[in-house]
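The values are calculated or read from the model by the stated rules, or taken from the named source; none is laboratory data. Just so it is clear, the structure is predicted and the values come from calculations on it, not from any experiment. Don't worry about glycine lacking a Cβ; one is built from the backbone with ideal geometry, like all the others, and counts go over all protein chains shown.
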């Protein structure tokens, strides 16, 4: 791999994300040679750490995520890390940060290349971006910025944040990260669709009845009640993860696999996304909150949650497009907390056909993303010892040895940032369209709340969400495949 010279500044360098994901991922890229001799990382946060203490934390993070490591390699890697106590609201601190970055650029021959990573509370994103600009922190080489989700709370706040960031960075240098796009089976959607004639030739409304996406979480909000009560399942999961999956499933085939072509195909699709009316929200969407049990609190009794909260811990809904290969095909989604198990799964439900054998299972295509990684197609065959048809699965899966080689999503996406490949990141025009859809649903729900009659289904934990979600399908013969 090419050794890329760069000074990386992580805002939030003492936080959980940096410790669990960024530092181990950077170490893997260091071992691969993508970054090695000519890089340095500045971790910033309000805590009064030293360079040495940060390096200890980096070393601990690597040992926690790697079974075997070369201690000399770990020590050499950690020596590239520096700490700067930093209040992101204090302009003078940016002057100090710039001075340290320039010193490290000279020391490591980083060629003026700068990478900024926002790994802290989203409310500070705009402030950081503004001061990167007015204090001239960008270098003379490339300048890239990685922004964690959520990118705004609604369209208005997202537009304001985008305005602040684009004052310092071109759109091509802004990497809005969603770790779902680094997952193995999400990255398998395009190869599956475009390289298999068996699948490519039936990817249309003529053969596909509907598509179903499930992002099920086993746990409740736990310690995140304060944050979650201002967000909810729609903003927390649908606006990013689920819409990324929907776009990959519904986009037309790109001209080639370049970032520009892939984003052009996505943008072409999203122009035709149907934004729901309040009447359609009432008919096609369900929001819910989990109840309590012997072992868990009800949502409204969780710490830091308003006891009168109307925030949803579950949402199910429907999307459609007016163009693209599956124009008119309903795409159903659901996500929530306190499901019976943690599962991320996509079911492509094919239409039944008339046949002389009578009842036969539809040839569904299922993509399991988490916790397993596999694709399987349900096919029909003859029963061995009696008349009739049985169904079997043709499975594409990885061995344990192969799974051990699958990189973490953050490692993949950080690699892409270093090599300037924005294919698996979100373009502003795409994000804007997602927010237009989300805002339409949120506005309809807010009107219900203001009228005093919010329809919020209650559901028991350790199940599959509220039964009301079974009613969003367009025909009585449709149902959730994953039960």
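Structure above, values below:
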{"read-out": "Number of the condition not met by residue 215 [criteria: (1) assigned to a helix (DSSP H, G or I); (2) in contact with a helix residue (DSSP H, G or I) (Cβ under 6 Å, 6 or more places away or on another chain)]", "value": "(1)"}
{"read-out": "Selection within the stretch 468-483 - outside any loop (DSSP other than H, G, I, E, B) and surrounded by 13 or more Cβ atoms within 10 Å (Cβ to Cβ)", "value": "468, 469, 470"}
{"read-out": "Hey, residue 252 assigned by TED's automatic domain parsing to the domain that holds residue 377 and within 29 Å of residue 440 (Cα to Cα) or not", "value": "yes"}
{"read-out": "Strands (runs of 3 or more DSSP E) within the stretch 242-341 that include 2 or more residues within 21 Å of the chain's Cα centre (by Cα) and buried (at least 22 other Cβ atoms within 10 Å of the Cβ)", "value": "314-319, 331-336"}
{"read-out": "Filtered residues of the stretch 31-61 (kept if in a helix (DSSP H, G or I) and surrounded by fewer than 21 Cβ atoms within 10 Å (Cβ to Cβ))", "value": "31, 32, 51, 52, 53, 56, 57, 59, 60"}
{"read-out": "Given (1) outside any loop (DSSP other than H, G, I, E, B); (2) surrounded by fewer than 20 Cβ atoms within 10 Å (Cβ to Cβ); (3) in the same structural domain as residue 412 (by TED's automatic domain parsing), index of the condition residue 172 fails", "value": "(3)"}
{"read-out": "Residue under evaluation residue 88, criteria (1) crowded, with 19+ Cβ neighbours inside 10 Å; (2) in contact with a strand residue (DSSP E or B) (Cβ under 7 Å, 6 or more places away or on another chain); (3) modelled with pLDDT of 95 or more, criterion not met", "value": "(3)"}
{"read-out": "Residue tally, condition surrounded by fewer than 18 Cβ atoms within 10 Å (Cβ to Cβ), in contact with a strand residue (DSSP E or B) (Cβ under 9 Å, 6 or more places away or on another chain) and not in a loop (DSSP other than H, G, I, E, B), over the stretch 123-169", "value": "2"}
{"read-out": "Residues of the stretch 1-30 satisfying the condition of being more than 22 Å from the chain's Cα centre (by Cα), over 15 Å from residue 56 (Cα atoms) and part of a loop (DSSP other than H, G, I, E, B)", "value": "1, 2, 3, 4, 5"}
